[in-house]
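Take a look at the structure below.
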Amino acid sequence: MSRLLFSPIRVGTLTLPSRIAMAPLTRNRAPGAVPNALMAEYYAQRADPARGAALIISEGTAISPQGQGYADVPGLYDSTQLDGWKQVTRAVHAAGGRMFCQLWHVGRVSHHLLQPGNADPVAPSAIRANTRTYLVDGEGQGGFTPTSEPRALQRDEIPAIVHDFAVAARSAVESAGFDGVEVHGANGYLPDQFLKSGANQRSDDYGGSIANRARFMLEVVRAVVDAVGGARTGLRISPVTPANDIHDADPQPLFEYLMRELAPLGLAYIHVIEGATGGPREVEGRPFDYAAMKTAYREAGGQGAWIVNNGYDGALAHEAVESGRADLVAFGKPFIANPDLAARLRRGAALAVPERATMYGGGAHGYIDYPALDD
């Protein structure tokens with residue numbers, strides 16, 4: 001196994017002992033949108049950088065009630081939630097770990113039962129996403145259901161959402177104890193909806209041209225940088241994933257433009273989902289040159305770490321860092337069943353397989369009861 005994969009690296013304000021990150025994983029274990037002791041134990045199990053992740057990126061965390069799209073996912077917009085997250089970050093830091101909070105506004109990927117006043121979800125355009133969200137019924141049983149029809153945001157509503165991202169970022173770092181934040185600009189959620197032509201059919205200055213469609217994403221990232229600093233800010237993107245019914249007619253020039261605009265902001269990292277989220281690394285009919293996108297970022301002065309994600313095993317992670325194609329590798333589902341993933345990769349040990357039935361919702365089983373090898 002690559003020694004470089006287990007060597008230190010500077011990411012923003014942090015010096016990490018390895019190149020292994022834990023990707024965001026929605027687990028639906030936060031009833032009432034409030035983080036809890038069970039979540040603190042789950043993250044702490046994976047926080048020892050000698051065995052687990054050098055950097056943990058939290059599950060998607062709603063920046064506002066409007067930003068919620070799934071039942072029992074955490075928020076970052078009231079004092080109870082912030083106190084819950086403090087419990088988590090203290091446990092992670094006590095285990096020697098570092099943790100960023102993923103800032104989330106789902107946009108159209110929601111249901112009116114999850115929205116304040118049972119309102120319609122919001123989106124760049126009134127185009128329903130052909131996907132599902134997660135609801136919990138009156139008896140506490142969870143399941144997936146189609147999303148609701150969204151309404152198009154009015155032009156004068158957009159600045160308030162940008163402001164919500166900045167407030168949430170500041171709360172995450174200054175009140176909840178996170179080491180930084182990651183803007184969730186991937187997987188068909190609100191920033192990605194503005195960015196991509198399949199979800200954005202606006203005729204104002206937030207739609208149409210590449211520069212217009214990138215405007216919301218860039219305003220959000222710049223507002224977050226103003227709130228907590230570039231060195232504490234990351235951005236997650238997914239150029240070609242079809243997740244949540246998202247697509248763009250010509251993503252290559254779109255994402256190279258985005259990289260050039262982001263480069264001067266001094267971000268801690270860019271986190272790239274390669275291919276289809278949770279699926280194939282090459283999406284049929286959607287070719288994309290990730291190296292060209294990275295080159296656009298570096299040539300424009302972008303110095304942030306380059307994190308790659310999706311379908312990585314030990315050998316592929318080794319190749320990515322040894323070749324210089326990536327600075328870090330983020331693992332998602334392998335961390336569910338392998339709290340000591342880094343130790344297993346270093347030893348070339350077999351990986352446990354997560355139980356699908358307990359991935360979303362439930363309690364301790366399938367969450368904190370996966371053993372480490374040494375246990």
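Assign one of three labels to segment 205-285, namely rounded, prolate or oblate, based on the Cα gyration tensor with a ≥ b ≥ c the square roots of its eigenvalues; rounded applies when a/c is under 1.5, prolate when it is not and a/b is larger than b/c, and oblate otherwise.
Taking the square roots of the gyration eigenvalues as a ≥ b ≥ c, segment 205-285 is oblate.
Starting from the exponent 0.38 and prefactor 2.2 Å, build the expected Rg for segment 34-183 from its residue count and divide its actual Cα Rg by it.
Against the compact-globule rule of thumb, the ratio is 1.10.
Once you place label points 7 Å from the Cα toward the Cβ at Arg286 and Asn118, how far apart are they in nm?
The modelled label-to-label distance comes out at 3.5 nm.
How large is the translational diffusion coefficient of segment 282-333 in µm² per second when you combine the Kirkwood radius over alpha carbon pairs with Stokes-Einstein at 37 °C and 0.692 mPa s?
Calculated translational D: 270 µm²/s.
Pull up the DSSP beta bridges for the chain and report the antiparallel fraction as a percent, rounded to 5.
In the chain, approximately 20 percent of DSSP beta bridges are antiparallel ones.
Using only the Cα atoms of segment 99-201, build the gyration tensor, take square roots of its eigenvalues as a ≥ b ≥ c, and label the shape rounded, prolate or oblate: rounded if a/c is under 1.5, else prolate if a/b is larger than b/c, else oblate.
It comes out oblate by the Cα gyration axes.
Looking at the P(r) of the chain, how many percent of alpha-carbon pairs lie beyond 31 Å?
Roughly 29 percent, once rounded to a whole number.
Let's test the formula: R0 of 51 Å, r as the Cβ-Cβ distance of Asp205 and Ala350. What FRET efficiency results, to the nearest 0.05?
Given R0 = 51 Å and the Cβ-Cβ separation, E is 0.45.
How long are the semi-axes of the ellipsoid equivalent to segment 259-354, from square roots of 5 times the Cα gyration tensor eigenvalues, in whole Å, largest first?
26, 16, 12
Order these by the 10 Å Cβ neighbour count, fewest first: Thr241, Thr80.
Fewest-to-most Cβ neighbours within 10 Å comes out as Thr80, Thr241.
Where the centre of each part is set by its Cα atoms, how far does segment 1-33 sit from segment 204-269, in angstrom?
22 Å
Would you work out the charge dipole size for the chain about its Cα centre, treating the Cβ of every Lys and Arg as +1 and the Cβ of every Asp and Glu as -1, and quote it to the nearest 20 debye?
About 620 debye.
What shape does segment 144-189 have by the C-alpha gyration tensor, where a ≥ b ≥ c are the square roots of the eigenvalues, rounded means a/c under 1.5, and otherwise prolate means a/b greater than b/c and oblate the rest?
It comes out oblate by the Cα gyration axes.
Values in this text are rule-based calculations from the coordinates and carry no lab data. Keep in mind the model is a prediction, meaning the values are calculated, not measured. Backbone-built Cβ (ideal geometry, glycine too); neighbour counts: all protein chains shown.
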